[in-house]
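*Asks:* The structure under discussion is supplied below as C-alpha cells; questions concerning it will follow.
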Amino acid sequence: HLAEALDAMLGRGTALSVGVSNWRADRAIQARGLLGPRFVASSLQFSIVQPVSPTWPGTRSASLAEIDILGAANLDLISWSPLARGWVPKPDKVSSDIRVAFRSQHNRRVLEECDLIGVEVGLSRSEVALAGLLGFGAHIRPVVGVSQPDEGYSLGRVSPFVSQGGGDLVPQMLRGWS
C-alpha cells in the first residue's frame, strides 16, 4: 500500500523522488523495483559504532552488509545519528539509555582506533568518525546534528581528509574486524 501511495505522489508530481525510513535493505530494493529510479534513498541509523540494543523502540541500524547492498543498488543511505547521539565524542557524557545502547568492547575498540588515527592526522575522534562514514561510499549521506554542545568536529576539516582518501581508513578497519 505504501508503494502505491508513493507511486501516486510521483505520478502527480507532488514529489520528485521518494525514500523510506527504518526499512531493511531488501525491502528498499523491492520498492526501487516497483517505483524505479525516483525511489532514491533509505534512512537508517548508521555510525561507525553499532548499537547493541535499539536507541529507542522500533529503531533500525544499518549493518555493513546493508550498506553494501544499498550501494550496489545505487540507493543513497540517509544516515541519521552518525555520531551515535553523542556517544562517539563523549561516551560517558550521554544519557544512560544511549550509554547502554552502544556499550560494547567492539565499539570501545573503534573509538580507540579513531583516536589513534586522529592523533596521526590531526583530527578529532568525531572528525575521523564522520570521515569514516563518508569512506563507505558516495551513497552515504550523513545527517549531522548536535546532541551535545561540543561534539568536537569541523566539517571543513573532514572534507580535505576524505578527498585525500583518508576516509577509507575506517571502513577498511571495520571490514577487517568482521
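*Asks:* For the structure I just gave you, tell me whether ARG109 is part of a helix (DSSP H, G or I), over 18 Å from LEU174 (Cα atoms) and of a type in the set (Lys, Arg).
*Replies:* no
*Asks:* Still on this structure, I have one more. Checking SER104 against (1) at pLDDT 90 or above; (2) within 13 Å of the chain's Cα centre (by Cα): exactly one of these is not met. Which one?
*Replies:* Here SER104 meets the rest and fails (2).
*Asks:* Of the residues that sit in region 146-158 and are open to solvent by 70 Å² or more (accessible area, probe 1.4 Å) and part of a helix (DSSP H, G or I), which one is modelled with the lowest pLDDT?
*Replies:* Here the residue is LEU155.
*Asks:* Follow-up question, since we're still on this one. Quick check on this structure: which one of SER95, SER53, SER104, SER79 is among the small types (Gly, Ala, Ser) and either within 22 Å of ALA138 (Cβ to Cβ) or buried (at least 20 other Cβ atoms within 10 Å of the Cβ) (or both)?
*Replies:* SER79
*Asks:* On to the next question. For the subset of region 1-28 comprising residues that are open to solvent by 60 Å² or more (accessible area, probe 1.4 Å), under 22 Å from ILE140 (Cβ atoms) and not small (Gly, Ala, Ser), which member is farthest from the chain's Cα centre (by Cα)?
*Replies:* LEU16
*Asks:* Further question: Counting only residues that are in contact (Cβ under 8 Å) with a residue 60 or more places away in the chain and farther than 24 Å from ALA5 by Cβ, how many does region 24-52 have?
*Replies:* The total comes to 4.
*Asks:* Cβ-Cβ distance below 6 Å, separation of 6 or more or different chains: which pairs start in region 53-68 with a residue that is more than 13 Å from SER79 (Cα to Cα) and end on one that is among the small types (Gly, Ala, Ser)?
*Replies:* What qualifies is SER53/ALA101; THR55/ALA101.
*Asks:* Would you check if there is a residue in region 127-140 being in contact with a strand residue (DSSP E or B) (Cβ under 9 Å, 6 or more places away or on another chain), part of a helix (DSSP H, G or I), open to solvent by 20 Å² or more (accessible area, probe 1.4 Å) and not charged (D, E, K, R)?
*Replies:* Taking every residue of region 127-140 in turn, at least one turns out to be in contact with a strand residue (DSSP E or B) (Cβ under 9 Å, 6 or more places away or on another chain), part of a helix (DSSP H, G or I), open to solvent by 20 Å² or more (accessible area, probe 1.4 Å) and not charged (D, E, K, R).
*Asks:* Out of region 108-122, which residues are open to solvent by less than 40 Å² (accessible area, probe 1.4 Å) and touching a helix residue (DSSP H, G or I) at 6+ places or on another chain (Cβ under 6 Å)?
*Replies:* CYS114, ILE117, GLY118, listed by residue number.
The values are calculated or read from the model by the stated rules, or taken from the named source; none is laboratory data. Owing to the predicted nature of the structure, the values given are computational and were not obtained by experimental measurement. Note: ideal-geometry Cβ built from the backbone for every residue, glycine included; neighbour counts use all protein chains shown. Quick note on the areas: whole protein, heavy atoms, side chains included, nothing else; ligands and nucleic acids left out. Shrake-Rupley method; radii C 1.70, N 1.55, O 1.52, S 1.80 Å.
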